[in-house]
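The values are calculated or read from the model by the stated rules, or taken from the named source; none is laboratory data. Since the structure is predicted, the reported quantities are computational estimates derived from the model, not experimental observations. Note: ideal-geometry Cβ built from the backbone for every residue, glycine included; neighbour counts use all protein chains shown.
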Amino acid sequence: MTTDKDKKSRFGWCLYDWANSAFATTILAAVLPVYFAETIVPAEGVDLTFMGLKDRLCATSLWGYAGGLASLLILISAPTLGGIADRGKKKKLFLMLFCYVGSFMTCLLFFSSANDVFYTLILFSLAQYCFVAGNVFYDSFLPLLAKGPDMDLLSGQGYALGYLGGGALLALSFLFIQPSHLIGIDKDMAVRISLAAAGIWWAMFGTVSFSLFHEEKAISAGRDSLGRAAVEGLRRTLETIRTVSRDRDVMIFLVAYMIYNDAVQTIIRMSSIYGKEELRLSTGTLLGTLLMVQFIGIGGALFISWISGRFGARKTIMGVLLAWVALTLFASAMKTSAEFWVLGVAVGLILGGTQALSRSFYGGIIPKDQSAEFFGYFSVFEKLSAIWGPILFAFIRQTTGTSRLSILSLSLFFLVGWVLLFFVRDKVPLLIPGSSQLDN
């Protein structure tokens with residue numbers, strides 16, 4: 001039986017998704033990428049020298065490299081963070097630490113202005129690291145707050161609240177930035193206020209969240225338990241990779257997921273800056289489209305769930321991947337704002353369902369008595385995503401002078417994932433996956 005205390009803790013846990021999704025939408029996907037390309041980076045780009053080699057990088061390349069390298073740092077430290085989380089000693093303390101440090105770094109983006117390229121990239125990378133690292137500890141609370149089917153339900157509720165939270169702040173930012181001149185605030189200042197607002201939102205609602213759910217104290221912990229936890233986390237990660245490699249279907253699916261989800265994450269992170277720098281679209285069009293995607297994504301996840309109930313999860317994922325291929329071909333050739341809006345509608349319909357259905361299908365092919373352990377592997381492969389896609393996107397833009405070929409290259413990620421899924425066998429028919437959000 002669920003007590004009032006349990007309900008309060010679960011709501012508090014979900015509320016953190018509402019809090020940190022402000023970073024995912026405003027900083028990762030929408031406002032900051034556009035501002036970075038439009039104002040911070042000079043039109044001619046930035047000259048960089050590395051090991052005697054000098055090159056000029058545009059906003060798209062800089063943004064792609066920064067996002068990919070930050071994700072790589074997260075991957076390297078994930079085993080250590082996971083080991084600390086699994087020890088169950090001070091998960092909430094670390095969650096609070098990453099929340100407040102990340103939100104503080106986000107607030108400092110208020111001081112980013114024209115030509116503050118590296119100041120902005122450093123703050124963005126640090127804030128992104130805190131965002132994802134905090135989620136390691138946030139996710140570790142899920143099995144402590146719910147069991148069995150209730151866990152899937154609670155996870156979906158957290159994602160749904162995250163969609164609403166991120167969308168709500170993005171809507172407020174849009175309504176503030178577009179008519180800001182009417183109240184005597186120039187556009188750049190309005191954007192900078194919106195960036196800081198994302199950090200304030202994250203910290204403010206995070207504080208409310210922390211006050212509503214609590215952590216059980218660890219049974220025992222020595223002074224050096226933190227170090228042992230870090231070593232144990234690394235050891236377990238290496239062991240889990242060896243274990244999962246013995247299950248053919250799980251291993252193939254994880255590799256496929258790692259590849260096609262990398263493309264999905266790249267599209268999320270690079271779409272705004274592609275629209276601004278390559279297509280020269282207005283800020284209103286970019287923010288409006290991304291806001292639309294945020295809310296269409298909720299219905300899109302339900303739509304994909306309905307399709308999977310009729311055709312099966314694996315076939316539905318493969319169909320969705322072909323849709324992504326078609327969208328990358330369309331995006332590489334589009335020229336007008338109307339086409340960008342059409343693309344936004346299509347992305348919204350399949351974005352929420354792609355990752356959610358992938359997670360549900362994975363849950364159906366893993367051993368039921370090892371679900372917690374195998375979902376730990378899923379987390380490792382998930383963190384491998386969003387590293388190589390942004391870096392490849394940035395490299396192609398840098399070497400060819402156009403982001404259209406960068407967009408086109410992402411179709412290969414989806415095609416490779418599609419081919420690999422052919423070799424995965426269905427074990428359990430899945431019906432209703434949970435929902436998802438913009439950066440996981």
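When you go through Ala43, Ala30, Ala19 one by one, which is the residue that is aliphatic (A, V, I, L, M) and either in contact with a Phe, Trp or Tyr (Cβ under 6 Å, 6 or more places away or on another chain) or under 15 Å from Gly64 (Cβ atoms) (or both)?
Residue meeting the stated conditions: Ala19.
I need a count of the residues in segment 15-65 that are touching a strand residue (DSSP E or B) at 6+ places or on another chain (Cβ under 8 Å), of a type outside the set (A, V, I, L, M) and either in a helix (DSSP H, G or I) or closer than 28 Å to Leu175 by Cβ (or both).
The qualifying residues number 1.
Report the residue count in segment 105-144 for those that are of a type outside the set (Ser, Thr, Tyr) and part of a loop (DSSP other than H, G, I, E, B).
4
Rundown of residues vs (1) buried (at least 22 other Cβ atoms within 10 Å of the Cβ); (2) in contact (Cβ under 8 Å) with a residue 12 or more places away in the chain; (3) within 20 Å of Met105 (Cα to Cα), yes/no style:
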{"residue": "Asp6", "(1), (2), (3)": "no, yes, no"}
{"residue": "Ser9", "(1), (2), (3)": "no, yes, no"}
{"residue": "Cys14", "(1), (2), (3)": "yes, yes, no"}
{"residue": "Asn20", "(1), (2), (3)": "yes, yes, yes"}
{"residue": "Ala29", "(1), (2), (3)": "yes, yes, yes"}
{"residue": "Leu32", "(1), (2), (3)": "yes, yes, yes"}
{"residue": "Phe36", "(1), (2), (3)": "yes, yes, yes"}
{"residue": "Thr39", "(1), (2), (3)": "no, yes, yes"}
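Working only within segment 38-91, note down all residues that are at pLDDT below 85 and among the β-branched types (Val, Ile, Thr).
If the condition is that a residue be at pLDDT below 85 and among the β-branched types (Val, Ile, Thr), then Thr49, Ile74, Ile76, Thr80, Ile84 are the ones that fit.
So, in segment 351-387, of the ones that are among the aromatic types (Phe, Trp, Tyr) and either on the phi > 0 side of the Ramachandran plot or at pLDDT 75 or above (or both), which residue ends up surrounded by the fewest Cβ atoms within 10 Å (Cβ to Cβ)?
Tyr362
Does segment 212-226 include one or more residues that are within 24 Å of the chain's Cα centre (by Cα), at pLDDT 90 or above and surrounded by 14 or more Cβ atoms within 10 Å (Cβ to Cβ)?
Scanning segment 212-226, I find no residue that is within 24 Å of the chain's Cα centre (by Cα), at pLDDT 90 or above and surrounded by 14 or more Cβ atoms within 10 Å (Cβ to Cβ), so the answer is no.
Please find, among Leu290, Leu286, the residue that is modelled with pLDDT of 80 or more, in contact with a Lys or Arg (Cβ under 9 Å, 6 or more places away or on another chain), aliphatic (A, V, I, L, M) and surrounded by 21 or more Cβ atoms within 10 Å (Cβ to Cβ).
On inspection, the qualifying residue turns out to be Leu286.
What pairs come up if the first residue lies in segment 163-185 and is farther than 17 Å from Thr289 by Cβ, the second is among the acidic types (Asp, Glu) and crowded, with 23+ Cβ neighbours inside 10 Å, and their beta carbons are under 8 Å apart, counting only those six or more places apart or on different chains?
Note: pairs meeting the criteria are Gly165/Asp17.
Does segment 300-350 hold any residues that are of a type in the set (Ser, Thr, Tyr) and surrounded by 14 or more Cβ atoms within 10 Å (Cβ to Cβ), and which are they?
Ser305, Ser308, Thr316, Thr328, Ser332, Ser337
Exactly one of these conditions fails for Leu97: (1) in contact with a Ser or Thr (Cβ under 8 Å, 6 or more places away or on another chain); (2) in a helix (DSSP H, G or I); (3) of a type in the set (A, V, I, L, M); (4) surrounded by fewer than 17 Cβ atoms within 10 Å (Cβ to Cβ). Give me its number.
(1)
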